[in-house]
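> Below you'll find the structure I mean.
The values are calculated or read from the model by the stated rules, or taken from the named source; none is laboratory data. Here the structure is a predicted model, which is why all the values come from computation and not from measurement. Note: ideal-geometry Cβ built from the backbone for every residue, glycine included; neighbour counts use all protein chains shown.
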2 protein chains.
Amino acid sequence: MVYRRTHQVVKRLAARRSAILAAARETAAEGGMSAVQIAPVAVRANVAAGTVYRYFPSKADLISELIAEVSRDELAAVRRAADAAPGPSSALAAAVSTVAVHVLSQRKLAWGILAEPVDVDVTASRIASRREIVGEIASRIDAAVRAGHLPAQDTQLAATALLGALHEALVGPLATENPDDPAKLRDTVQAVTLLALRAVGVMDARARGLVVQAVLPVRSLVGA
Amino acid sequence: MVYRRTHQVVKRLAARRSAILAAARETAAEGGMSAVQIAPVAVRANVAAGTVYRYFPSKADLISELIAEVSRDELAAVRRAADAAPGPSSALAAAVSTVAVHVLSQRKLAWGILAEPVDVDVTASRIASRREIVGEIASRIDAAVRAGHLPAQDTQLAATALLGALHEALVGPLATENPDDPAKLRDTVQAVTLLALRAVGVMDARARGLVVQAVLPVRSLVGA
DNA sequence: TTCCTTCGTGAACAGGTGTTCAGTTCTTAC
DNA sequence: GTAAGAACTGAACACCTGTTCACGAAGGAA
């Protein structure tokens, strides 16, 4: 009489949902947000277009969740890197360079999530995404200020500015095209990290040292 | 036999063209780029929708020209401010704070021209617009470096980062909503200018002095 | 005035994509 | 095995705007 989902079915449903999200993510990583259309994503996920709507109320919801997912990953990486640093200034340097590396590793995806024109309204997700990263960076700046390493300042504003600087310099329309040369990428990451650290008040000489330490442990500097 | 435009007609045509552009600009300033649609702009300019196409081949061309126009104004203002400064560092400070003030004065317009999602392809204009401002700032940084006031660096990258920082901090989605309090606006402009100057290597104490001098002469800190 | 050219009009068109839904297939319960 | 409900399908639909174009108005030459 009553229909109850079997454990197996629940698993399959979850898997499908993930498949759709993954398909959307891959599509975005390859072709940017504009390529994330229901039909292609459905094909990639091996479902019909209508099926997507059994898992997501609308395209906007799908993209919002995609943004949230990527954002979560990013935030986790930043936290991990910063927490592993020996002190507040190092942590800040690690956080900034991690963001830089991530952005560079997944340019299309980063651009899509941050700024690319989208036909649906995903403003809320984008704001949330930014807020998370900015909050994390702001708290790291805060820690450095409290430790007496940096002058007092509006840390929220500073963190926002840093994020903007990283994005514009690394994936903005004026960013260098596609230097898949790891050495060049490392230089770029170091350069923007240096700018960021100096911006919040780290002295030039000390900033240079922090930058080198922060960027050295970073593994993959190339990616999709 | 041959039809030749009277001087009067030429003037009327030019006036109409300007009216359409002005209508587009006003519309963008009020509602962002998404509000710049052919029909509303035409109404505002007191012409029919079809008439717009007698002056602009496509919506993309209209918006591109709008971007170019605003960009020209902005660049001129930046040049003027920087040229009036007593030295390279002051010039840089003046350039940066001028950009900041302009962006703040016309938030919606700035956001629309810089980053707002648009359905047509205006990438080229946007890149050109950015390139002009970035080039100007880069050359000011360059001058300061040559004068020995700043450490050697990739000035193009630095200028790009500064632009991104200003935009994100001032009109990005995380920017404070609408502080029409002039004092608060001045503080914000000073804060981001300070960040920018320190980013390129100006020492904290000196940067603070430059910021105050640069922002003082700025007149209107409020606008549409 | 007359004729030709250009300009202006606005309703109709076009194209692309998110969304729906009636029909089909699969799953569960008995 | 069978009935009932859930999941899936994909073609059709809907909507939104940029763009067109046949027609009328206005301007210039003769």
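> Any residue in the stretch B:49-59 that is over 29 Å from A:Val120 (Cβ atoms), within 13 Å of DNA strand D (Cβ to nearest atom), at pLDDT 95 or above and loosely packed, with under 13 Cβ neighbours inside 10 Å?
Of the residues in the stretch B:49-59, the ones over 29 Å from A:Val120 (Cβ atoms) are B:50-51, B:54-55.
Filter again for within 13 Å of DNA strand D (Cβ to nearest atom), leaving B:50-51, B:54-55.
Those still in the list that are at pLDDT 95 or above too: B:50-51, B:54-55.
Then keep just the ones that are loosely packed, with under 13 Cβ neighbours inside 10 Å; that gives B:50.
Looking through the stretch B:49-59, at least one residue is over 29 Å from A:Val120 (Cβ atoms), within 13 Å of DNA strand D (Cβ to nearest atom), at pLDDT 95 or above and loosely packed, with under 13 Cβ neighbours inside 10 Å.
> Just give me the residues in the stretch B:104-136 being at the interface with chain A (Cβ under 8 Å from one of its Cβ atoms) and in a helix (DSSP H, G or I), in sequence order.
B:Thr123, B:Arg126, B:Ile127, B:Arg130, B:Arg131, B:Val134
> If you don't mind, there's one more thing I want to ask. Let me confirm something: among B:Val36, B:Val70, B:Val99, which residue is crowded, with 19+ Cβ neighbours inside 10 Å and within 13 Å of DNA strand D (Cβ to nearest atom)? First the steps, then the outcome.
On the way: B:Val70 fails: within 13 Å of DNA strand D (Cβ to nearest atom); B:Val99 fails: within 13 Å of DNA strand D (Cβ to nearest atom).
Unique residue meeting the criteria: B:Val36.
> Counting only residues that are of a type in the set (A, V, I, L, M) and within 14 Å of DNA strand C (Cβ to nearest atom), how many does the stretch B:22-48 have?
Of the stretch B:22-48, the ones of a type in the set (A, V, I, L, M) are B:22-24, B:28-29, B:33, B:35-36, B:38-39, B:41-43, B:45, B:47-48.
Pick out the ones that are also within 14 Å of DNA strand C (Cβ to nearest atom) and you get B:23, B:38-39, B:41-43, B:45, B:47-48.
Adding up the residues that qualify gives 9.
> Here is a further query. Of these, B:Val118, B:Val78, B:Val101, which one is away from DNA strand C (no atom under 16 Å from the Cβ), in contact (Cβ under 8 Å) with a residue 60 or more places away in the chain and not basic (Lys, Arg)? Before the answer, list the steps.
Numbers: B:Val118 fails: away from DNA strand C (no atom under 16 Å from the Cβ); B:Val78 fails: in contact (Cβ under 8 Å) with a residue 60 or more places away in the chain.
That would be B:Val101, the only listed residue that is away from DNA strand C (no atom under 16 Å from the Cβ), in contact (Cβ under 8 Å) with a residue 60 or more places away in the chain and not basic (Lys, Arg).
> Any idea how many residues of the stretch B:137-175 are surrounded by fewer than 21 Cβ atoms within 10 Å (Cβ to Cβ), more than 11 Å from chain A (Cβ to nearest Cβ) and part of a helix (DSSP H, G or I)?
5
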